[in-house]
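The values are calculated or read from the model by the stated rules, or taken from the named source; none is laboratory data. Please read all numbers here as calculations on a predicted model, not as lab measurements. Cβ placement follows ideal geometry from the backbone for every residue including glycine, while neighbour counts extend to all protein chains displayed. For the accessible areas, the whole protein counts, side chains as well, though only heavy atoms, and no ligand, DNA or RNA atoms are used. Shrake-Rupley method; radii C 1.70, N 1.55, O 1.52, S 1.80 Å.
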Amino acid sequence: MSQAAEVTIVNVGYRSTNYWVVSAGRSRLLVDLGYPGTLGIMQANLKRMGIPLGEIRYGLATHYHTDHAGVAQELKQLGVPLLVLEPQVAAIPLMKQLTKPQDWYVDISVHDNVTISFDESRSRLARIGLAGEIVPTPGHSDDSVSLLLDDGSVFTGDLTPWPLVGLDEADIVAASWRRLREQGARRVYPGHGPMRPMYAESEL
Ligand SMILES: [Zn+2]
């Protein structure tokens, strides 16, 4: 490809949770991966938005809680590789403890994921046409990461909205938000709720 394709952002979310499809033309990344047992809903929403599963180059979970990585394994089985950041590996097996049999959660295997370091994320994203990187943003959980595009869009999962932060996590959450600000984040696409502008430096 000679020219970088324009990046588009589409929400295929449900049950008050956002699942963002970030696309460079027909090369797509799915950020956050559904509730357990809801593969059919995810597939229907993708179809309704005109997004073939075969165009999704990776699935990325901002963190391994059930509402963000619930159908990761089933998507893998349908040909969508799971992009995992090294600090997330240990969190994956813990997901099972957060589910009940009636949730129909399919356990995520760990040997067949695309596991990368944060340093590798820029080149990995470039290969699918996206200019940006994946950065560690702990606070809500130790394994939380954000996808930060060079155009200022940032996908933060459940990184605690600053006005709602608890005292016990305030320092670490503030550090994550400051890091995103310093690295150019301007528009926040959270795991729940609407897109909003990035916090001003004076707010943090
Ligand atoms: Zn969470």
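In the elastic network of the chain, a GNM with C-alpha springs shorter than 10 Å, the most mobile of Ala90, Ala72, Ala61 is Ala90. Label zone of Ala44 (point 7 Å out along Cα→Cβ, amide N under 17 Å): in the range 71-101 this covers 71.
DSSP bridge analysis restricted to the chain gives an antiparallel fraction near 60%, rounded to the nearest 5. P(r) tail for the chain: Cα pairs beyond 24 Å make up 36% of the total. With the alpha-carbon atoms of the range 99-161 aligned to their principal axes, the span from lowest to highest coordinate is 41, 32, 18 Å, starting with the largest. Most simply put, the range 24-130 has about 10% antiparallel DSSP beta bridges, counting only bridges with both residues inside it. Remark: the Cα gyration tensor places the range 1-79 in the prolate category, a/c being 1.5 or greater and a/b exceeding b/c. Here the relative contact order of the chain, from alpha carbon pairs under 8 Å that lie six or more residues apart, stands at 16 percent.
In summary, the convex hull built on the alpha carbon positions of the range 41-159 has an orientation-averaged projected area of 7.6 nm². How high is the FRET efficiency between Ile172 and Ser123 when r is their beta carbon distance and R₀ equals 25 Å, given to the nearest 0.05? The calculated FRET efficiency here is 0.35.
Ligands, DNA and RNA left out, the accessible area of the chain computed with a 1.4 Å probe is 53% carbon and sulfur. Each label was represented as a point 7 Å from its Cα along the Cα-to-Cβ direction; for Glu6 and Asp142 these points are 4.4 nm apart. GNM on the chain, alpha-carbon springs under 10 angstrom: the most fluctuating residue among Gly132, Gly37, Gly157 is Gly37. Normalised per residue, the accessible area of the chain is 47 Å², obtained with a 1.4 Å probe and no contribution from ligands, DNA or RNA. The heavy atoms of His111 present about 150 square angstrom of accessible area, all protein chains included, probe 1.4 Å. Among the protein heavy atoms, those of Arg181 account for about 60 Å² of accessible surface (1.4 Å probe, every chain in place).
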